[in-house]
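Each remark here refers to the structure printed beneath this line.
The values are calculated or read from the model by the stated rules, or taken from the named source; none is laboratory data. Keep in mind that this is a model prediction, so the values were computed, not measured. Neighbour counts are summed over all protein chains in view; Cβ atoms, including those assigned to glycine, are modelled from backbone coordinates with ideal geometry. Ligands, DNA and RNA are excluded from the accessible area calculation, which covers all protein heavy atoms including side chains. Shrake-Rupley method; radii C 1.70, N 1.55, O 1.52, S 1.80 Å.
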Amino acid sequence: MGTSSDHKYAEAKEVLSEYGIELERLNIERVEIQADDPELIAEYSLKVLDVDIPLLIEDAGLYIDKYYGFPGPYSSYALRTINNEGILKLMEEDKDRGAKYISAVAYRDGETSVTFRGEVRGFIGYDEKGTNGFGYDPIFIPEEGDGRTFGEMSAEEKAHISHRARAFRKLAEWLVKQ
Ligand code: IMP
């Protein structure tokens, strides 16, 4: 798989399929506002889409404690520009390496709209490790793991604890109760 959206789609689809829920990707552009909170970004993108089927939008990002949440809503921009190498360089001298991933999923059907959030706390490593996953995965070491980065974990291991899996599991549990 190539782009980050392919990975995001595969991860989300996998979680939902465990609940018997099908996910399909639409090939449409979304409007992405600037805001600090991924829930607001996902909700706005969803609100302005003129599509009359049950629909969801996910917005995710990496929030580094020491930098007040940077890159946060600018996560894709930071990857495209300074990339993991730049983040590691920026943090070269930092002892405080705490960070979290946040995923927000906004969903709506004809009747209701809801938003769910998932988070995973961890640390930014000192080097890039592993070739699995995508984006920041080679530099993100989850607290709940054994010291490996998400990039060193299998898709199943990542799905156990990832921000995205947590947000989509909440959505799936809500959907099956409907
Ligand atoms: P988006 O705005 O939701 O598409 O995501 C923002 C950026 O964060 C993307 O460029 C992703 O590469 C990065 N990102 C989001 N989730 C993950 C993840 O699970 N692993 C690594 N990078 C991620």
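Taking the residues in the stretch 107-123 that are in contact with a Leu (Cβ under 7 Å, 6 or more places away or on another chain) and within 14 Å of ARG169 (Cβ to Cβ) as candidates, determine which candidate is most open to solvent (accessible area, probe 1.4 Å). The extreme case among them is PHE116. None of SER103, SER154, SER162, SER76 is farther than 30 Å from ASP50 by Cβ, among the small types (Gly, Ala, Ser) and under 14 Å from the mean Cα position of the chain (by Cα) except SER162. Considering only residues in the stretch 24-39 that are of a type in the set (A, V, I, L, M, F, W, C) and touching a residue at least 24 places away in the same chain (Cβ under 8 Å), the one that is nearest to the ligand (Cβ to nearest atom) turns out to be ALA35.
If we keep just the residues of the stretch 54-68 that are more than 13 Å from the ligand (Cβ to nearest atom) and in contact (Cβ under 8 Å) with a residue 24 or more places away in the chain, which is surrounded by the fewest Cβ atoms within 10 Å (Cβ to Cβ)? In this case the residue turns out to be PRO54. Of the listed requirements (1) surrounded by fewer than 18 Cβ atoms within 10 Å (Cβ to Cβ); (2) acidic (Asp, Glu); (3) within 14 Å of ALA167 (Cα to Cα), GLU11 misses just one: (1). Once the stretch 135-159 is narrowed to residues that are surrounded by fewer than 17 Cβ atoms within 10 Å (Cβ to Cβ) and away from the ligand (no atom under 13 Å from the Cβ), the residue that is nearest to LEU62 (Cα to Cα) is GLU143.
Checked against (1) within 11 Å of the ligand (Cβ to nearest atom); (2) under 27 Å from HIS160 (Cβ atoms), SER45 passes all but condition (2). Scan the stretch 126-160 for residues that are closer than 23 Å to SER76 by Cα and out of contact with any Gly (no Cβ under 9 Å at 6 or more places or on another chain) and report the count. Looking only at that region, the number is 5.
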